[in-house]
Amino acid sequence: MAQFFVVHPENPQPRLMKQAGQLLADGGLVAVPTDSSYAVVARLDDKPAADALRRLRGLDERHHLTLLCRDLSEIGHFARVDNRQYRFLKLATPGPWTFILEATREVPRRVSHPSRKTIGIRVPDHPVTRALIEAAGTPLMSTTFIPEGEEYPLNEAQAIFDGYANQLAGVIDGGACPLEPTTVIDLTGPTPEVIRRGQGNLAALGLD
């Protein structure tokens, strides 16, 4: 049965976030609000948790899992970033964007795309998400919490708890968040390519 944490949406209580981080360390999945929608997260180094995450969402290995990082320096550890890409990332982060980048050898195969060797990475701009990454002490594997067979993500912590308490270790209630997913931008080509439109002002990045 999942633990249910009610936290302040702008200043989440460190004690509660530490407890949620421990659930991840123990191999559990945690549902957390982000600046795009609720996500399910697991530790990067935990293969059984990654497998459980994919089962929960009904995802196969071809689906990108997104790596949630604290800042640009962590992105550089897991993705190959040239000067052009770095300038773009610096402009865009933190925010509701997911970037497709070439993965380094530091990225486990379960997270990167099996044929293209790319990785989806983002730096979220939500205090609760960022606090959970900090409490875990490591970037987190994540995927938008869209029930299998559904089109839209879940947006309320209580509904997530009611439906998935036996499949999650924790649910963090930091208030409702947007229903719109991140905008996905592929940075592996000569120019940024918008793969999916979602949250965020593309004009601010010179893409609209």
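The values are calculated or read from the model by the stated rules, or taken from the named source; none is laboratory data. Please read these numbers as outputs of a predicted model, since none were measured by experiment. FYI the Cβ positions are ideal-geometry reconstructions off the backbone, even for glycines, and counts take in every protein chain you see.
So Leu24 passes all but one of these: (1) at positive phi; (2) in contact with a Lys or Arg (Cβ under 7 Å, 6 or more places away or on another chain). Which condition number does it fail?
Going through the list (1) at positive phi; (2) in contact with a Lys or Arg (Cβ under 7 Å, 6 or more places away or on another chain), Leu24 breaks only (1).
Which of the residues that make up the stretch 181-205 are surrounded by 13 or more Cβ atoms within 10 Å (Cβ to Cβ), of a type outside the set (A, V, I, L, M) and within 12 Å of Leu101 (Cβ to Cβ)?
Passing the criteria: Asp186, Thr188, Pro192.
Residue under question is Arg62, and the condition is that it be closer than 13 Å to Val123 by Cα, out of contact with any strand residue (DSSP E or B) (no Cβ under 9 Å at 6 or more places or on another chain), in contact (Cβ under 8 Å) with a residue 40 or more places away in the chain and not aromatic (Phe, Trp, Tyr); does it hold?
no
Out of all the residues in the stretch 43-60, is one or more under 19 Å from Val194 (Cα atoms) and either in a helix (DSSP H, G or I) or in contact with a Lys or Arg (Cβ under 8 Å, 6 or more places away or on another chain) (or both)?
No, there is no match, as no residue in the stretch 43-60 is under 19 Å from Val194 (Cα atoms) and either in a helix (DSSP H, G or I) or in contact with a Lys or Arg (Cβ under 8 Å, 6 or more places away or on another chain) (or both).
Any chance you could count how many residues in the stretch 73-110 are at pLDDT 90 or above, part of a helix (DSSP H, G or I) and crowded, with 17+ Cβ neighbours inside 10 Å?
Within the stretch 73-110, residues that are at pLDDT 90 or above, part of a helix (DSSP H, G or I) and crowded, with 17+ Cβ neighbours inside 10 Å number 6.
Among the residues of the stretch 61-71, count how many are over 20 Å from Gly27 (Cα atoms) and among the acidic types (Asp, Glu).
1
Can you tell me how many residues in the stretch 130-145 are assigned to a loop (DSSP other than H, G, I, E, B) and either out of contact with any Phe, Trp or Tyr (no Cβ under 7 Å at 6 or more places or on another chain) or closer than 17 Å to Pro94 by Cβ (or both)?
Qualifying residue count, the stretch 130-145: 3.
In the stretch 160-193, which residues are part of a strand (DSSP E or B) and more than 14 Å from Gln85 (Cα to Cα)?
Within the stretch 160-193, Gly170, Val171, Ile172, Asp173, Thr183, Val184 qualify.
If a residue must be of a type in the set (S, T, N, Q) and surrounded by 18 or more Cβ atoms within 10 Å (Cβ to Cβ), how many such residues does the stretch 13-64 contain?
3
Give Val6, Val32 a once-over and let me know the one that is modelled with pLDDT of 95 or more and in contact with an Asp or Glu (Cβ under 7 Å, 6 or more places away or on another chain).
Unique residue meeting the criteria: Val6.
Restricting the stretch 116-157 to residues that are hydroxyl-bearing (Ser, Thr, Tyr) and buried (at least 24 other Cβ atoms within 10 Å of the Cβ), which is modelled with the highest pLDDT?
Taking the candidates together, the pick is Thr129.
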